Each structure stands twice: as C-alpha cells, then as structure tokens.
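K.L.:
Handing you a structure now.
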Amino acid sequence: MENPQVPEESGSDLLKFDKRILFLTIKRKILFICIVAFIAMIIGGIFAKFTVENSWKAECILIRHKKNLAAKTDVPYLYQEMDYNTILQSIKMRKNLRAVIDSLKLDTAPENIYGAFKVSRGSRSNLISIKATSKDRNTAVNMANMLGEIFIYNYIKILNSSTIKIYDYYKAQRNVYEDRLITIQDSLQNFRDTNKILSLEKETQNQYDNLKVLELELMNTDMNVTSLKTKITDIAERIKDLPEKVELTSIVSATQKKDLAAKKNELTLLKKKYTEKNPKIVKLKSEIKALEKDIETKSDEEIIPDQTTYGKNEFRQSLLLEKTQYENEVIASEKKIGEYRKKIASIKEQLKSLSPLEREYYDIKNNEATIREQLKKIKNRLVETKIAMDSNLSDFEVLEKAVAPKYPEASGKKMIVIVFGFLAFIGLFLLFAGKEFLDFSIKSDFDFQEILKIKLLGEIPNKDSVPPPIFYSQIQIMYGQLNSLLPDKKPAVITIGNDVPETGSTFIIQELSELMISQNKKILWIESIDETSDDITQFEINRFLYNAKSLAQKNINIITDQLHKAYFLCDENTFKRVLDFKQLNEFFSQFQSYDIIIWELFDVHFNLHLFTTIASSSDMLAFVVRFRHSNRTQLSNAVEFLKDNTTIPIVGILNDIKKPYFKLKI
C-alpha cells in the first residue's frame, strides 16, 4: 500500500468553532469574571482615593471689539487682525506663561502650567474663555485673571509695534516721492519751452482719430465689395438655367370634347325629325361612339394649340439688370478703397515725423503720472496706519473676571473605578473566549460534522457526573447506531481506534461487549498492547498473523463463554514487517464461530500505514475521542488520509463529556 503525505488541516477549519461550547464556557466562567471585575473596581477605588487630588477651575472671559473700518479690505496687513485660531494659540505662549509665573511668584515652569489653562472661543461670538485649573482655589482665580490681562497687554503691544514701523516707512517714502515729483515737473516744463510743443498732444490725437476713421471705412468698404461679388456670382449661376425667350400666350380653336358636344346636340335635333333607324341618325351615333372612344384614350396634355406667342424672359432680364447694378457698385467701391489707402499712408507718414518728440514727451508725462499715483497711495496709507494704531488700543477687553469656584472639578474617580472593572471584565472575557477559540481539542458533534466530516455514533457523558439511566441510555443509542451500520455477516469486524492515549476506548469496548453479550453474540476482543508479560505471551497473535499460521484454541484467552480475548503487540517489529490484506483476511477466516470481532487498535499516528491496513480489512472503523483531550487537527489529518486510502465506513464516538457540556439525546 502506498503511504502518501498526511494532509494538514486547512486554514478555514482552524477558524471554525462551536458557538454552543463557547457560550457554555463563558457561562461557567461568568461568575468568576464578575467577582474579579468587582475586586478590580475596589482596587480602582482605593487607587483613585490616594492618587487623585481635587482640582479647582476658574474662568476669565475676554471680549473682542470689532473695528468696522472701510479700509480694512484694502490694507489688511496694517491691522494685523489674526483669525481666532491663531489668537487662541497665542494666549498660551511661553512669554505670557512666564509673565504669569513671575507675577504670581509661582514655583514652577511654563511647561508645567501649560496644561493647566484651557482657552476656547464662545459659540458664534467674540468672547474668549480662559480657564485655569489648580489644586488651590485662589491660585486658579489669580492664574485666569492674570493670563487675560497679560495677553491683552502683549497683544496690543505687538500690534502697535508692527503698525508704527509701517507708519514710519510710509512717512519716509512720502518725502522721497514729493522730491521726485518736483524734479519731474521741472523737466517737463523745460521740454515744452525748448521744443515749443504745447499743441503736440492735440495734433497727435487728431491724426490718430482720422486714422481710426479711415481704417474703419476701409474695412467696411472692403467687406461690402466682398458681399457684392458674392451676389454677382450667385446671380450668374441662376441666369445660366433660365431661357432667353418664354411662351407668352396660346390659342386652341376647337377640341374633340367640343366636337362631341356639338354632335350630341345635332343628334338630339335629328331624333325629333327622324326615327332611330334613319341612316343619318345611325351614322351620327357611330361617329359619337368613335369620338368618345378616342377621348378616353387621350389626355388633356396632348391637345395642340392652334396659335402660340413667344417673348423675352422678364425674370431673366431683371436678374441681368440687378447684376449690372452690383458690378457698377463694385467698381465704385474699389475706387474708394484706393483713395482710403492713400489717405491712411499719408497720415502714417505724418505720425512718423512726430514720433521721436512724442516718445520723449510721453515718457516724461508717464513718469509724472506714476509719481503722483504712488504719492497718493502713500498719503492714504499714512492715514490708514494712523487709524489702525488708534483702533488697536481697544481691540480686547476683560468682560468678566474670574471668581472663586464653589465646588471642585470632577476628579474622574468614578470613571477610574468603572475603567478598572471594565478592563478586568473584558480582559477575562477575552482571555476565556480566546482560550476556547484557540483550543483545537474535540468538544462536540460540531467537530465531527464540520471538521472531521464523519458520522457521530454517540456522545457518552462522564459516568460519575450523570445519573445511571442517562449514561446507559446514551450507551444504547451508540450501540444502536453502530449495529445499524454493521453488515449482515459472520463475523463482523469492527476496528476501534484513537488519536491519543487514554481516550477510554477500552471502556467503550467493555460497555459495547456487555450489550452484545446480552443479545447472545459471541465476541473476540483483540487488544493492541505496547509491552507484553509472561501471562499473556501465549495469547499474542503476531506470530500467527505475520506467518499465516492457524490460531489454536489455547492461544485465545477465555474471559467468559461469550467473550474471548487476544492481544496484538505493537513493538518495533511492526515497523520491520509488512502486513497485507491477504494475511488479514486469512486470519479473520479462522473465526467463523464468532459473531463479532472487535480489534482495539493502537494510536493512529503510532504506525499510520499498519493502522490503515488493519482498518481497511474490517467492516467499520470507529474513532473513540475524549472530550477536551483528543486533538481535532491531528485526527482530521488521519481521517483525511484514511478516506483517501480506504472505503470502509469511518465513524466517531465522543467520550467522557463533562456534565455542563453534555447535550442529552432523546
């Protein structure tokens, strides 16, 4: 037989667990958890009492006045109006805290009292709250008031310091630009006197205005010429398809329908004079009939007029006249375009002669305008800066000073007690839940159904923890399940295995044997042992099994008339010799007098190949596992191996279940 690798349990199986077992475990431990949590709360209360001191909190309220200055949006840097987040952070600056310490003569450092202050802004208001916390009531009041006053003093000082620097700067710049303006005005007057160009500006402007008008006329005329040419082209295309002469009138003297009407009138007159058989009437009828037939075969379009009059196409003549008119307009417009271009060229030549002096003149004028504009801005800034300096003096003010609080602040002692108890409760809960989750031992039918995927014959409770009727009822349920799966043959071979020692397989076999004996069944019990003794050596089957010898009656231990026993020694020789199906079948064939052969096998991992060979020769393999003792991972590996290498039914028996976890099956 091949001995493939034993598969390992999948990761998904490791995450499976029985929620009922987890609940029962927590239920059993909940009282202990609550007691420990209560003790932890007592410890937390003692800890809080001796470590947490009372603290006092005092509040000072500041108000910020709004400046409402129109120039604020133009020169915001003059006013240094910081946003509230910046102000709130600046209140607890090291400089302010150091001033509080020095004023109150506190024996501490700024870092130590930083957390003692809480600064916040009122909801949608211009109020700022400064709260100070201290273990002394009066110290808390003094700290809050002192920090508010020191902040206002330093805040105004900082704002005005920056504004004064700006004011001095603009004042110096005003003097500089006034000197520049006097200089540039002198230069402009000298230029006018030297070049005598008092009307240069007006003359130049007139030339530019004329140039602009001519260029506009040129553009309009050019667009008009393009439009006229487009119309001429369109008229020429339409004239191509029109005839020069058209039919004016046509005259039709007589038609077949008129002849038919005349003949019918004539027939009516003749009938008044002659009978129907008269040759004239007969002839006239035949002519009318022929004429009617001829009219039916012809349409009105086939009528040919007797006289037609032709003349010139008036619509074509009107188009030709319109085309001639447009062509004359094009010629006139093109002449205008030529005249406009000559005038534009002449004006540009005149402007070129004025350009050198104009450029020099306008440079001086632009410099003068720039200096005047800069000087105007500087004077405005001086006024705005002066207003900003005055307004900053009343920006902040103490609205309400701090007063001594009546009661100390909540110390959090209750919360400490609750946290101690909560942490103890959650910690123990997670400890027991995690321990149960990581416990891969077999504990319920869930492990057989979801992990091992084999049928569970029965759940046997601990015999000493339940009443005898309940215990034996579960034994009988197990026996009934086992008996229903056995084939109807003699002898039926059952192999009983386990994954670890001390699962109670011997105890289960004894209970099953008693029930089988009560049904008058003869049983051979083969027990696997790992060491021998003199009193059982003769009952060992190894030499008979491996050497294919017959087992004599003397080599079977007679326990009772219906229960006989033999032994299989699991020593190192079992690894040196191979046992096959033929040997096992020949060995079992000697025991036709027995109804049941129960072979209590060794641990499955002791010799997996030999275990599989013996189990495969039986009619059923039953694993006896012990509650919280057998490992589902190891047993799952073995079961998977057996399923891959044998076809016999594999079932399970859960033994020694503790009473709190036992689920009674009725």
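The values are calculated or read from the model by the stated rules, or taken from the named source; none is laboratory data. Note that the coordinates shown come from a computational prediction; the quantities given were computed from them, not determined experimentally. As a convention, Cβ positions derive from the backbone with ideal geometry for all residues, glycine included, and neighbour counts pool all protein chains shown. Heavy atoms of the whole protein, side chains included, go into the accessibility calculation; ligands, DNA and RNA do not. Shrake-Rupley method; radii C 1.70, N 1.55, O 1.52, S 1.80 Å.
K.L.:
How would F32, F627, F425 rank on accessible area, largest to smallest, probe 1.4 Å?
P.N.:
Numbers: F32 105, F627 5, F425 65 Å².
Largest to smallest exposure gives the sequence F32, F425, F627.
K.L.:
Just to verify a number: what accessible area does M223 come out at with the full protein assembly present, 1.4 Å probe, Å² rounded to tens?
P.N.:
Here the accessible area works out near 120 Å².
K.L.:
On to the next question. Taking K336 as the anchor, which aspartates and glutamates have their alpha carbon closer than 14 Å to its alpha carbon, excluding any fewer than eight residues away along the same chain?
P.N.:
Cα-Cα hits under 14 Å: E215, E217, D222.
K.L.:
Please tell me which of these pairs span more than 32 angstrom C-alpha to C-alpha: K49/K95; K490/K554; K212/K365?
P.N.:
On the way: K49/K95 36 Å; K490/K554 22 Å; K212/K365 24 Å.
As for pairs spanning more than 32 Å Cα to Cα, those are K49/K95.
K.L.:
How much accessible surface does F429 have with a 1.4 Å probe, in Å² rounded to 10?
P.N.:
The accessible area of F429 comes to roughly 80 Å².
K.L.:
Another question, if that's okay. Checking the a/c ratio against 1.5 first, then a/b against b/c, what shape does the Cα gyration tensor give for segment 462-544? Can you show the working numbers first?
P.N.:
Numbers: a/c = 2.11, a/b = 1.36, b/c = 1.55.
Since a/c reaches 1.5 but b/c is at least a/b, the shape of segment 462-544 is classed as oblate.
K.L.:
Can you tell me which of 594-603, 497-506, 105-114, 166-175 comes out highest on packing, and rank the rest after it, using the mean Cβ neighbours within 10 Å?
P.N.:
Values: 594-603: 22.2, 497-506: 19.8, 105-114: 12.3, 166-175: 14.8.
Ranking, from highest mean packing down: 594-603, 497-506, 166-175, 105-114.
K.L.:
Okay, next question. Can you return the aspartates and glutamates within cross-link range of K258? Criterion is Cα-Cα under 19 Å, with same-chain partners fewer than 8 residues away left out.
P.N.:
Qualifying aspartates and glutamates at Cα under 19 Å: E266, E287, E292, D294, E296, D300, E301, E302, D306.
K.L.:
At I558 and D209, where each label point lies 7 Å from the Cα along Cα→Cβ, what is the point-to-point distance in nanometres?
P.N.:
It is 15.2 nm.
K.L.:
Out of the total accessible area of segment 454-500 (probe 1.4 Å, heavy atoms of protein only), what percent is carbon and sulfur?
P.N.:
Numbers: 1020 of 1940 Å².
Result for segment 454-500: 53 percent of the exposed heavy-atom area is carbon or sulfur.
K.L.:
How large is the helix-only mean residue ellipticity at 222 nm for the chain, computed as the sum of -39500 (n - 2.57) over DSSP H runs with n ≥ 4, divided by its residue count, in deg cm²/dmol to the nearest 500? Working shown, then result.
P.N.:
Numbers: 18 runs with 372 residues, N = 666.
Value at 222 nm, helices only: -19500 deg cm²/dmol.
K.L.:
Sticking with this structure for a sec: Rounded to the nearest 20 Debye, what is the dipole magnitude of the chain about its Cα centre when Lys and Arg each give +1 and Asp and Glu each give -1 at the C-beta? Don't jump to the answer; show the numbers that get you there.
P.N.:
Numbers: 97 positive and 90 negative charges, 698 e Å.
Charge dipole of the chain: 3360 debye, to the nearest 20.
K.L.:
Let me ask something else about it. For a Förster distance of 41 Å, can you work out the FRET efficiency between the beta-carbons of F429 and S473, rounded to the nearest 0.05? Kindly include the intermediate steps, with their values, before the conclusion.
P.N.:
Working: r = 36 Å, r/R0 = 0.87.
FRET efficiency, F429 to S473: 0.70.
K.L.:
Right, here's the next one. Please state, as a whole number in µm²/s, the translational diffusion coefficient that the Stokes-Einstein equation yields for segment 510-639 at 20 °C and 1.002 mPa s, with Rh defined as the Kirkwood radius across alpha carbon pairs.
P.N.:
Numbers: Rh = 15.8 Å.
Answer from the Stokes-Einstein relation: 135 µm²/s.
K.L.:
Would you compute the Debye intensity of the chain from its alpha-carbon atoms alone, equal scatterers and no solvent, and pass along log10 I(q)/I(0) at q = 0.08, 0.10 Å⁻¹ to two decimals?
P.N.:
At q = 0.08, 0.10 Å⁻¹ the computed log10 ratios are -0.91, -1.07.
K.L.:
To the nearest 10 square angstrom, how much accessible area does R121 have with a 1.4 angstrom probe?
P.N.:
110
K.L.:
Determine the distance separating the Cα centre of segment 18-36 from the Cα centre of segment 410-480; give it in Å without decimals.
P.N.:
A separation of 8 Å, based on Cα centres.
K.L.:
Name the long-range amide H neighbours of S528: under 5 Å, sequence gap of 5 or more, or other chain; modelled H, no Pro or chain starts.
P.N.:
F568, E600
K.L.:
Identify the trypsin sites (Lys or Arg not before Pro) of segment 396-473 meeting these criteria: DSSP loop state and at most 10 other C-beta atoms within 10 Å of the C-beta. Could the numbers behind the result be given before it?
P.N.:
Working: sites: K401, K406, K413, K414, K435, K443, K453, K455, K463; in loops: K401, K406, K443, K453, K463.
For trypsin sites (Lys or Arg not before Pro) across segment 396-473 that sit outside H, G, I, E and B with at most 10 neighbouring Cβ atoms in 10 Å, the list reads K406.
K.L.:
Cα-Cα over 26 Å: which of K29/K658; K29/K413; K92/K135? Don't skip to the answer; put the middle values down first.
P.N.:
Numbers: K29/K658 15 Å; K29/K413 28 Å; K92/K135 20 Å.
Correct reply: K29/K413.
K.L.:
When the accessible area of segment 552-656 is split by element with a 1.4 Å probe, what percent falls to carbon and sulfur?
P.N.:
Roughly 48 percent of what the probe reaches on segment 552-656 is carbon or sulfur.
K.L.:
Further question: Please list the three semi-axes, largest first and in whole Å, of the ellipsoid equivalent to segment 591-638, using sqrt of 5 times the eigenvalues of its alpha carbon gyration tensor. Could you put the intermediate results ahead of the total?
P.N.:
On the way: eigenvalues 113, 36, 13 Å².
Equivalent ellipsoid semi-axes, largest first: 24, 13, 8 Å.
K.L.:
For segment 81-182, with all protein chains present and a 1.4 Å probe, just round the carbon and sulfur fraction of the accessible area to a whole percent.
P.N.:
Numbers: 2860 of 5850 Å².
Solvent-exposed carbon and sulfur of segment 81-182 make up 49 percent of the total.
K.L.:
Which entries in the list K231/K348; K66/K386; K489/K522; K312/K335; K565/K659; K171/K376 go over 24 Å, if you measure between the two C-alpha atoms of each?
P.N.:
Numbers: K231/K348 35 Å; K66/K386 17 Å; K489/K522 13 Å; K312/K335 35 Å; K565/K659 33 Å; K171/K376 12 Å.
With Cα atoms farther than 24 Å apart: K231/K348; K312/K335; K565/K659.
K.L.:
With the other protein chains left in place, how much accessible area per residue, in square angstrom, belongs to the chain at a 1.4 angstrom probe? Display every interim value, and only then the final one.
P.N.:
Values: 39640 Å² over 666 residues.
Per residue, the chain has 60 Å² of solvent-accessible surface.
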